[in-house]
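Enquirer: Mind looking over this structure? Questions follow.
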Amino acid sequence: MRVELAYGRQGTSVEVPDTAEVVAPVDLPALDDEAAAITEALRRPRAGPPLAQLLGRAGRVAVVFPDLTRPMPNRTVLPPLLDELARAGVPDERITLLCATGTHRQATAGEMEELVGPGIVARYTIVDHDAMGGAHVRVGEVDGAPVLLQREYVEADVRIITGFVEPHFFAGFSGGPKAVCPGLAATETILEAHHPRRIADARATFVTRAGNPVHDFVRAATALAPPHLSLDVAINRERRVAAVFAGALPGAHDAACAHVESSAVREVEAPFDLVLSTNGGYPLDRNLYQAVKGMAAAERIVRDGGIVVMAAACEDGVPSGGAFARLLEGAGSPADLTGATGEPELDRWQAQVLGRVLARAEVHLHAGGLDDRSIADALLVPAPDLDRAVAVALERLGPGARVAVIPEGPLTVATVCPEF
């Protein structure tokens, strides 16, 4: 049978045996009126006072939104929020939009227009966060490490964060406090949040928050300069809003995580010999760095010594010249990537997870944005023809091989049944 996969902007498909198990999240229906639902959530939040009451005589308002690596429907979520600010009497010049990049690259002018819409770009001040820049303020410390956050966020009279909630491969879930840390944090704070000892902890994984050392740091760091209001959404396969969760942290984010977990977690009876995965399509699969998440999704259900075939467009490459690319260049084996000792360094967390996956299974990568050399340098097997890669893997594995397909990649948390 042929299975459609989330890949790049257009998608792709792959031929697999009829016995293959397709593991996908429940695709929730979009809300009938997304803008109205967002407005209603702001006026009647799940926790804490409504937005209008928070504003009062606020001088400066900061609105945080996710960067270009996230499929956040900013162009759907931001307009009703900004309309509510205007309705409450907040003039445009007192509003600053902050793009929460973490350590990711900043957007080009064209990408920012695509991200939030040309009307918003023309009307409001937008600050694209730079983790290595000097525009950070120390707000305290967590575990002895300084927490430095974007000055415009810290000094705002009213702080509003927006995001979408999805399972996260080592922080449990995205959304909520992650908009602040790592979203608006300085590099040294981000390095501590992603310290190798935290990433190596077994609790640093999909949908786990209790005792997760990454999530614990993120939540504690954000609590030092908490948002006055969090606006999270759940989205469906078409990137439309399926549910809205507004209010104070942690209550609003807790509700969003519970909602997403109920649709994203899917049990399978036993591990598979061959797992086909994706990184959820554009923009999630725009580079190899991000595509590690889809590999981690497959790792959960592939047997030791099995094969993962990964489809991620990687139109931005590795990217080249960055810290992740340098880590890959210096690695000769998975063990070179997985070390949990020593001082943290930029992108080491992604390399750690990649090394862990490769220690468990062989990974073949189909990526139109990467040449075979770049794929091989990452200790992966090039798979220019997806159908051929699957056919060859099945020949090696022999008759009766168990096959699974995860068309949405890390948006699905495939989990082996506890009874296995």
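Enquirer: Could you grab the relative contact order for the stretch 136-194? Cα pairs under 8 Å, six or more apart, rounded to a whole percent. Show your work: numbers first, answer last.
Expert: Details: 68 pairs, mean separation 19.1, N = 59.
So the answer I get is 32 percent.
Enquirer: Same structure, new question: Please arrange L81, L31 by accessible surface area, largest first, computed with a 1.4 Å probe and ligands excluded.
Expert: On the way: L81 0, L31 50 Å².
Result, largest first: L31, L81.
Enquirer: Could you work out how much longer the chain between V22 and R388 gets when fully extended? Use 0.36 nm per residue separation minus the Cα distance between them, nm to one decimal. Mind showing how you got there, number by number?
Expert: Details: separation 366, 0.36 × 366 = 131.76 nm, distance 1.91 nm.
In short, 129.8 nm is gained.
Enquirer: So, in nm, how far is label A86 from label D336 when the simple model puts each one 7 Å beyond its Cα toward the Cβ?
Expert: 5.5 nm
Enquirer: Please work out how much accessible surface E111 shows to a 1.4 Å probe, ignoring ligands, DNA and RNA, in Å² rounded to 10.
Expert: Its heavy atoms expose roughly 40 Å² to the probe.
Enquirer: Can you work out ³J(HN,Hα) from phi for every residue in the stretch 13-19, in order, using Karplus 6.51 cos²θ - 1.76 cosθ + 1.60 and θ = phi - 60°, giving whole Hz and x for Gly and Pro?
Expert: Running phi through 6.51 cos²θ - 1.76 cosθ + 1.60 with θ = phi - 60° gives 8, 8, 8, 9, x, 4, 7 Hz.
Enquirer: Taking a ≥ b ≥ c as the square roots of the eigenvalues of the Cα gyration tensor of the stretch 106-229, is the shape rounded (a/c under 1.5), prolate (a/b larger than b/c) or oblate? Working shown, then result.
Expert: On the way: a/c = 1.95, a/b = 1.49, b/c = 1.31.
Prolate, because a/c is 1.5 or more and a/b exceeds b/c.
Enquirer: Now a separate question. Please list L82, L411 from largest to smallest accessible area, probe radius 1.4 Å, with all protein chains kept in place.
Expert: Ranked list, largest accessible area first: L411, L82.
Enquirer: What relative contact order, as a whole-number percentage, does the stretch 76-216 give when Cα pairs under 8 Å and 6 or more residues apart are counted?
Expert: This gives 22 percent for the stretch 76-216.
Enquirer: Please give the FRET efficiency for A35 paired with E267, using the beta carbon to beta carbon distance and R0 = 35 Å, rounded to the nearest 0.05. List each step's numbers first, then the result.
Expert: Values: r = 36 Å, r/R0 = 1.02.
Rounded to the nearest 0.05, the efficiency is 0.45.
Enquirer: Please compute the contact order of the chain in relative form: average sequence separation of alpha-carbon pairs under 8 Å and at least six residues apart, divided by the residue count, as a percent.
Expert: Values: 958 pairs, mean separation 85.7, N = 420.
It rounds to 20 percent for the chain.
Enquirer: Let me ask something additional. What is the Cα coordinate range of the stretch 1-136 on the first, second and third principal axes, sorted by size from largest, in whole angstrom?
Expert: Projected onto its principal axes, the Cα set of the stretch 1-136 covers 63, 37, 26 Å.
Enquirer: While we're looking at this one, here's another question. Measure off 7 Å from each Cα along the Cα-to-Cβ vector at E4 and A145, then give the distance between these two points in nanometres to one decimal.
Expert: Result: 4.1 nm between the two label points.
Enquirer: Continuing with this model, one more query. What does the C-alpha gyration tensor say about the overall shape of the stretch 156-288? Classify as rounded when a/c is under 1.5, otherwise prolate if a/b is larger than b/c, or oblate.
Expert: On the way: a/c = 1.72, a/b = 1.27, b/c = 1.35.
The shape class here is oblate.
Enquirer: Specify the inter-centroid distance of the stretch 314-379 and the stretch 256-303, based on alpha-carbon positions, in whole Å.
Expert: The distance from the Cα centre of the stretch 314-379 to that of the stretch 256-303 comes to 18 Å.
Enquirer: Solvent-accessible area of Y282, probe 1.4 Å, all protein chains present, reported in Å² to the nearest ten, please.
Expert: For Y282, the solvent-accessible surface is approximately 50 Å².
Enquirer: Name the shape class, rounded, prolate or oblate, that the alpha-carbon gyration tensor gives for the stretch 74-144, where a ≥ b ≥ c are the square roots of its eigenvalues, rounded holds for a/c under 1.5, and otherwise prolate holds if a/b is larger than b/c and oblate otherwise.
Expert: Values: a/c = 2.34, a/b = 1.43, b/c = 1.64.
Note, shape of the stretch 74-144 comes out oblate.
Enquirer: At R0 = 60 Å, how high is the FRET efficiency between Q106 and V416 if r is their beta carbon distance? Nearest 0.05 is fine.
Expert: Details: r = 40 Å, r/R0 = 0.66.
The pair Q106/V416 has a calculated efficiency of 0.90.
Enquirer: Run lengths n ≥ 4 of DSSP H only: what is the helix-derived mean residue ellipticity at 222 nm for the chain, with -39500 (n - 2.57) per run over all residues, to the nearest 500? Display every interim value, and only then the final one.
Expert: On the way: 16 runs with 137 residues, N = 420.
Calculated at 222 nm, the ellipticity per residue is -9000 deg cm²/dmol.
Enquirer: Something else: With every protein chain present, what accessible area does R151 have (1.4 Å probe, heavy atoms only), rounded to the nearest 10 Å²?
Expert: My reading of the accessible area for R151 is about 100 Å².
Enquirer: Could you point to the label whose value was computed as Cα extents along the principal axes in Å for the structure here, given (1) 65, 62, 48; (2) 70, 48, 43; (3) 74, 52, 40?
Expert: Looking at Cα extents along the principal axes in Å for this model, the match is (2).
The values are calculated or read from the model by the stated rules, or taken from the named source; none is laboratory data. Remember, predicted model here, so these are calculated numbers, not experimental data. With ideal geometry, Cβ positions are generated from the backbone for all residues, glycine too; neighbour counts draw on all protein chains shown. These accessible areas exclude ligands, DNA and RNA; they are computed on the full protein's heavy atoms, side chains included. Shrake-Rupley method; radii C 1.70, N 1.55, O 1.52, S 1.80 Å.
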